[in-house]
Amino acid sequence: MNAFRPLLAGLCLALALPAGAKADFGPPKKKVDCTKPENKNKSACNPKHGEASDDEIYNAAYWMAREGRYAEALDILKAAHNPEDPRILNATGFATRNLGFVDAALPYYQRALAREPDFVLARAYLGEAYLMKGDLPAAEGQLSEIARRCGTNCEAYAHLSANIDTYKSKRAGHG
């Protein structure tokens, strides 16, 4: 873990998110109020000296993936304290899928959705994975779930819908 600290610090300085920006891998993490006595023993309130937080790990992996450095993103994600955080799972699925391991990516998206069923970006990425496998009905199923959860005007719906349209166009051109 400590081996990642210099890399994470450098990424945070070089690739800091603009104020108010959010990463694409998931919903904002619920903040723990460490001033409340009931939260004093939570890991978010007790970081170990010299270790990166899951937020730092997630953000560093996000930027690695944005730059197409998927294997490095996966290495960083392995350092997460809570590997079952839906954001960490979604990011792991994303990097794994983009390395060409679609079947290996599917369980990460499924676990993220088991923990947070309304995580529509994970649904969009799962839909993309299904398209990569040639499973249009499964991708359209995820699109329907996204529409049910956030409507047809949300970003995740537009993202997957465009990918489905491209898939259909390419398939029609080769059929």
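The values are calculated or read from the model by the stated rules, or taken from the named source; none is laboratory data. Everything quoted here is computed from the prediction, not taken from an experiment. A quick note on method: Cβ atoms are made from the backbone with ideal geometry, for glycine too, and the neighbour counts reach across all protein chains shown.
Values computed for the structure shown
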quantity: Residues of region 73-84 that turn out to be surrounded by fewer than 24 Cβ atoms within 10 Å (Cβ to Cβ), within 13 Å of the chain's Cα centre (by Cα) and in a helix (DSSP H, G or I), as a count; calculated: 1
quantity: Residue list for region 107-124, restricted to those being without any contact (Cβ under 8 Å) to a residue 40 or more places away in the chain, closer than 17 Å to residue 159 by Cβ and under 10 Å from the mean Cα position of the chain (by Cα); calculated: 109
quantity: Filter result (of a type in the set (S, T, N, Q) and under 13 Å from residue 127 (Cβ atoms)) within region 151-173; calculated: 161, 163, 166
quantity: Of residues in region 141-153 being over 16 Å from residue 90 (Cβ atoms) and not β-branched (Val, Ile, Thr), the one nearest to the chain's Cα centre (by Cα); calculated: 143
quantity: Where a residue in region 128-148 is closer than 17 Å to residue 96 by Cβ and its partner, wherever it lies, is of a type in the set (D, E, K, R), with Cβ under 9 Å and at least six apart; calculated: 128/97; 129/97; 129/103; 129/135; 130/140; 132/97; 133/103
quantity: Residue check, residue 38 surrounded by fewer than 24 Cβ atoms within 10 Å (Cβ to Cβ), in contact with a Cys (Cβ under 7 Å, 6 or more places away or on another chain), in a helix (DSSP H, G or I) and modelled with pLDDT under 95; calculated: no
quantity: Residue that is surrounded by the fewest Cβ atoms within 10 Å (Cβ to Cβ) [pool: residues in region 85-106 that are assigned to a helix (DSSP H, G or I) and either polar (S, T, N, Q) or free of Cβ contacts under 8 Å to residues at least 12 places away in the same chain (or both)]; calculated: 104
quantity: For residue 168: the one exception among (1) part of a helix (DSSP H, G or I); (2) of a type in the set (D, E, K, R); (3) within 22 Å of residue 53 (Cβ to Cβ); (4) out of contact with any Gly (no Cβ under 9 Å at 6 or more places or on another chain); calculated: (3)
quantity: Qualifying residue in region 147-159 (condition: in a loop (DSSP other than H, G, I, E, B) and in contact with a Pro (Cβ under 8 Å, 6 or more places away or on another chain)); calculated: no
quantity: Residues within region 141-160 that are buried (at least 18 other Cβ atoms within 10 Å of the Cβ) and either acidic (Asp, Glu) or farther than 20 Å from residue 116 by Cα (or both), tallied; calculated: 1
